[in-house]
1. Lys152: which aspartates and glutamates have alpha carbons under 12 Å from its alpha carbon, excluding same-chain residues fewer than 8 sequence positions away?
2. Of the peptides 6-13, 139-146, how do they stack up when ordered by the mean number of other Cβ atoms within 10 Å, highest first?
3. Indicate the gyration tensor shape class of segment 92-139 (rounded, prolate or oblate), computed on the Cα atoms with a ≥ b ≥ c the square roots of the eigenvalues: a/c under 1.5 is rounded; otherwise a/b larger than b/c is prolate and the rest oblate.
4. Less than 19 Å apart at the alpha-carbon level, and either on another chain or at least 8 residues along: which lysines does that give for Lys165?
5. Hey, rough spin-label estimate for Glu136 and Leu234, points 7 angstrom out along Cα→Cβ, what's it come to in nanometres?
6. Find the centroid of the Cα atoms in segment 127-196 and in segment 255-310, then give the distance between the two in whole Å.
7. Can you compute the FRET efficiency between Arg95 and Ala46 using 1/(1 + (r/R0)^6), with r the Cβ-Cβ distance and R0 = 25 Å? Round to the nearest 0.05.
8. Using only helices, what value at 222 nm comes out for the chain when you add -39,500 (n - 2.57) per DSSP H run of length 4 or more and divide by the total residues, to the nearest 500 deg cm²/dmol?
Amino acid sequence: MANERYMQRALELARKGYGRTSPNPMVGCVIVKNGRVVGEGYHKGAGLPHAEVNALRSAGKKASGADLYVNLEPCCHFGRTPPCSDAIIKAGVKRVIFGMRDPNKLVAGKGLRLLKTAGIKVEGPVLEEKCRKLNEPFIKWIATGIPYVTAKIAITLDGKIADYKGDSKWISNEKCRAYGHILRAGVDIVMVGAGTAHKDKPKLTVRLPGYKGKQPLPLIVGSKSGRKVNLKKLLKELGAAGFQSILVEGGGKLQSSLLKAGLIDHMVVFIAPKILGDEAKNWIHDIGKRPIANALQIIPEFAFILDEDIVIEGRPNHHK
């Protein structure tokens, strides 16, 4: 189907904005006329022109009478940039095909109604599940005010995160560590516990060859008074400050606390085919006794192998 094919292309374009658009979503746009692509664009960063505007500029006069494909409903309000719906109407686009409605209350169907009122044919949603998956952090943050939390952990086959001396370098292989840097590049904050920060002294920066994008904010979680940090309150405060996504890299106590509180949305687990034995450091702490029937489960979304290590990505079952 042509609609799915062009929407898939819009999603490919949207991904080019990975790590650069927060607190905005990733959006791509394709303009088609007489069965031929005449313009493309994507949102390159917060404060810069949106995908539709870039695609319309690419198409020029060819946009008149054309079909416009975009993975997210065009905005209809003034932010740091003018409304995309106005630009689409002015360009003379004949039909708009959208991937999903914008969950932002400032838009939420209003952009589509504005287009229809102007006589533009509107169709969708198309590939809605894929469109939602692409912008899960944005969707959660807009709906709840709380950042989307991803936990990344490297463990052995026997569930250890460090050997009997406390040494954790390196459980995962080089390709897995590079993948971790890709994950860092896509978030607003990289979070670690105070114990991990003190012991490992992680840099918490993106160190990919040739990387010139933004660096995430490093955040160390701990309390000098000895009282536990209220993690839910902390996440709400970070969300209110405009932070949309967090990568939690350690340690095991912080990740366990977040899991126990139901605050982790997504997990990336690197499993190395190694066994460190009884005296090595465990990953999970203090989540209580659980029978098999009530086990905390990571519902896999996909799994793959990087060299000899296994990578599992999924969501904890408290998000069923």
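1. Lys152 reaches Glu249, Asp265, Glu313.
2. With the highest mean Cβ count within 10 Å placed first, the list reads 6-13, 139-146.
3. Numbers: a/c = 3.30, a/b = 1.62, b/c = 2.04.
In terms of gyration-tensor shape, oblate.
4. In chain and number order, the partners are Lys199, Lys201, Lys253, Lys274, Lys281.
5. 2.2 nm
6. Going from one Cα centre to the other spans 12 Å.
7. The calculated FRET efficiency here is 0.30.
8. On the way: 10 runs with 92 residues, N = 320.
Rounded to the nearest 500, it is -8000 deg cm²/dmol.
The values are calculated or read from the model by the stated rules, or taken from the named source; none is laboratory data. Only a predicted model underlies this, so the values are computations on that prediction, with no experimental measurement involved. Cβ atoms come from the backbone with ideal geometry, glycine included; neighbour counts cover every protein chain shown. Ligands, DNA and RNA are stripped out before the accessible areas are found, and what is left, the full protein with its side chains, is counted by its heavy atoms. Shrake-Rupley method; radii C 1.70, N 1.55, O 1.52, S 1.80 Å.
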